[in-house]
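The values are calculated or read from the model by the stated rules, or taken from the named source; none is laboratory data. On a predicted model such as this, the values are computed, not experimentally measured, just so you know. When we count neighbours, we look across all protein chains shown, and the Cβ atoms used for this are built from the backbone with ideal geometry, even at glycine. Side chains are part of the model used for accessible areas, which takes the heavy atoms of the whole protein and leaves out ligands, DNA and RNA. Shrake-Rupley method; radii C 1.70, N 1.55, O 1.52, S 1.80 Å.
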Amino acid sequence: MEAYRTPDERFDELAGWPYTPRYLEQDGLRMHYVEKGAGEPVLLLHGEPTWGFLYRRMIPALSAVGRVFAPDLFGFGRSDKPRSQEDYSYAGHYRSIERFVLELDLARLTIVVHDWGGPTGLRLAVSHPARVERLVILNTGVGVGAPSEQWLRFRELVRAVGPDFTASRLVQVACVSPLDDDAVRGYDAPFPVAEAKAGPLAFPELVPTEPDHPSAAEMLEVRAALSRWEKPALVLFSDSDRVFSPAHAELMAAHIPGALPAEIVPGAGHFLQEDKGEEIAERIVRFVAS
């Protein structure tokens, strides 16, 4: 599999990102992650089109109460990026995160998921329940069918823009607060050339909008297993996400037996870690402590 590796200098001196890069190799590809803190592990999983940098405002508080791991999915961040969209699949992303957890032998996990981190991390939880103690679910879903008309428009936008897409612009339009120059640089750092962008371009196509989609059966299995999840779960969505509304949060919480009532963060968009990262981190710290 041919892959692009983003030059290290693209990540030099990113504001709010002082972490030493670490790597695990999987089948000749290098997966990047950062690690900070001590204690029971907290796994932070990102989605489209972000990377571990998304959690930079949350890692300091979370690492005070646990051993935080923030890996980059293949195709994102400092991880290697297969050059063809056909190299990406829901099953492939899941297997890479599963291998990450197994190779590091992580147990008693708190898994924090967002966007595409949801289907990936929630599948990990229901597939390895003995390793997972609790879930934190941020603006995501798992199932078959488009989350909203807004999401369908987003998919068409990504198709139209193609390799000319800019990650920071996708993040900005889904935030309430404006991104500063440091954040723009951080989100754009992984994608300096068109050949680096196959992963973000592939993700919208992996959402199972139809029952015969290749991802559909696996997604439905995860959703069914969540209806039996009795360990603690915190469902924390924002009030201004045009894809995953507060109503989605309530449905998610009602579907999971172990979930607390859904909580809604005011003044935040889809990327609530960007708009309200410190506030969300404090809520997760209280959840873990309780």
Q | Count of residues meeting criterion [surrounded by fewer than 16 Cβ atoms within 10 Å (Cβ to Cβ) and either among the small types (Gly, Ala, Ser) or at pLDDT below 95 (or both)] in segment 129-142 | A | 1
Q: Can you give me the number of residues within segment 166-209 that are in contact (Cβ under 8 Å) with a residue 24 or more places away in the chain and not in a loop (DSSP other than H, G, I, E, B)?
A: 20
Q: Please enumerate the residues belonging to segment 121-139 that are farther than 21 Å from Arg286 by Cα and assigned to a loop (DSSP other than H, G, I, E, B).
A: His128
**Q.** Options Phe74, Phe53; residue that is hydrophobic (A, V, I, L, M, F, W, C), crowded, with 24+ Cβ neighbours inside 10 Å and not in a loop (DSSP other than H, G, I, E, B)
**A.** Phe53
Q.
For Glu86, only one of the following conditions fails: (1) among the acidic types (Asp, Glu); (2) open to solvent by 10 Å² or more (accessible area, probe 1.4 Å); (3) touching a helix residue (DSSP H, G or I) at 6+ places or on another chain (Cβ under 7 Å). What is its number?
A. (3)
Q: Would you list the strands (runs of 3 or more DSSP E) that sit entirely within segment 2-50 and hold 2 or more residues that are open to solvent by 20 Å² or more (accessible area, probe 1.4 Å) and modelled with pLDDT of 95 or more?
A: 22-26, 29-36
Q: Report, ordered by the first and then the second residue, all pairs with beta carbons closer than 7 Å, sequence separation of six or more or different chains, a first member in segment 276-288 that is more than 14 Å from Ser238 (Cβ to Cβ), and a second member that is open to solvent by 10 Å² or more (accessible area, probe 1.4 Å) and among the hydrophobic types (A, V, I, L, M, F, W, C).
A: Glu278/Ala61; Ala281/Ala61; Glu282/Ala61; Val285/Ala61; Val285/Val65; Val288/Val65
Q: For segment 206-216, state whether one or more residues are open to solvent by less than 10 Å² (accessible area, probe 1.4 Å), under 13 Å from Phe165 (Cβ atoms) and out of contact with any strand residue (DSSP E or B) (no Cβ under 9 Å at 6 or more places or on another chain).
A: no
Q.
I'd like to check something: does segment 256-272 contain any residue that is touching a Lys or Arg at 6+ places or on another chain (Cβ under 6 Å) and under 21 Å from Glu40 (Cβ atoms)?
A. yes
Q) Is one or more of the residues making up segment 71-79 in contact (Cβ under 8 Å) with a residue 60 or more places away in the chain, among the hydrophobic types (A, V, I, L, M, F, W, C) and under 13 Å from Val34 (Cα atoms)? A) yes
Q: Within segment 249-275, count every residue that is outside any loop (DSSP other than H, G, I, E, B), open to solvent by 60 Å² or more (accessible area, probe 1.4 Å) and in contact (Cβ under 8 Å) with a residue 24 or more places away in the chain.
A: 1
Q | Residue check, Leu234 within 18 Å of Tyr90 (Cα to Cα) and in contact with a Leu (Cβ under 8 Å, 6 or more places away or on another chain) | A | no
Q) Hey, among the residues in segment 100-116 that are in contact (Cβ under 8 Å) with a residue 24 or more places away in the chain and of a type in the set (Asp, Glu), which one's surrounded by the fewest Cβ atoms within 10 Å (Cβ to Cβ)? A) Glu103
Q) Going through segment 226-244 one residue at a time, which ones are buried (at least 17 other Cβ atoms within 10 Å of the Cβ) and either within 15 Å of Pro119 (Cα to Cα) or among the hydrophobic types (A, V, I, L, M, F, W, C) (or both)? A) Leu226, Trp229, Ala233, Leu234, Val235, Leu236, Phe237, Val243, Phe244
Q.
Where the second residue is of a type in the set (Gly, Ala, Ser) and open to solvent by 50 Å² or more (accessible area, probe 1.4 Å) and the first is touching a residue at least 12 places away in the same chain (Cβ under 8 Å) and lies in segment 22-39, which pairs have Cβ atoms under 8 Å and are six or more apart or on separate chains?
A. Gly37/Ala64
